[in-house]
Amino acid sequence: MKITKQLGIWMDHSTAHLVKLTNGSVETNTIESQPDVQTDQQIVFKDESHSLNKEKRQLSSYYKELGDLILENDEVVLFGPTEAKSELMNLLKENHLFDQIKIEVEPADKMNEIQRNTFVKEHFK
């Protein structure tokens with residue numbers, strides 16, 4: 001019998017709470033988008049376009065890390081209160097590595113760990 005790996009990711013642009021279901025067991029983890037560390041001199045010389053480029057690089061790295069985790073699963077639900085879930089989904093659709101993974105997007109409000117776990121279990125029932 002094949003073991004189905006299911007993953008729920010509650011996410012916004014700064015934090016992703018992962019709820020992984022494997023044969024009825026639940027494993028949770030948190031990933032945070034890592035801000036670049038700056039020196040005082042870099043802060044003085046930074047302008048708006050530099051700031052936007054840095055933010056894009058940071059988000060790109062964050063989404064890549066989530067994508068690498070998604071590749072390890074058979075079914076995934078992305079949920080949360082912001083557009084981050086849809087942005088990630090759009091990036092995943094462009095990459096054929098994700099074609100064999102069932103990925104869905106669901107709206108959701110702010111949730112605590114118990115609520116996230118329950119949401120994911122109910123989604124994959």
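The values are calculated or read from the model by the stated rules, or taken from the named source; none is laboratory data. Please read these numbers as outputs of a predicted model, since none were measured by experiment. Every residue, glycine as well, gets a Cβ built from its backbone with ideal geometry; the counts of neighbours run over all protein chains shown.
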Can you tell me which residue within the range 73-86, out of those that are hydrophobic (A, V, I, L, M, F, W, C) and assigned to a strand (DSSP E or B), is farthest from residue 104 (Cα to Cα)?
79
For residue 89, state whether it is assigned to a loop (DSSP other than H, G, I, E, B) and modelled with pLDDT of 95 or more.
no
Meets criteria (within 15 Å of the chain's Cα centre (by Cα), aliphatic (A, V, I, L, M) and not in a helix (DSSP H, G or I)) for residue 120:
no
When residues of the range 68-105 are limited to those that are of a type in the set (A, V, I, L, M, F, W, C), in contact with a Gly (Cβ under 9 Å, 6 or more places away or on another chain) and without any contact (Cβ under 8 Å) to a residue 60 or more places away in the chain, the one surrounded by the fewest Cβ atoms within 10 Å (Cβ to Cβ)
97
Where residues in the range 1-25 are at pLDDT 95 or above and β-branched (Val, Ile, Thr), which of them is farthest from the chain's Cα centre (by Cα)?
19
Counted residues in the range 52-67 being surrounded by 16 or more Cβ atoms within 10 Å (Cβ to Cβ) and within 11 Å of the chain's Cα centre (by Cα) come to 4
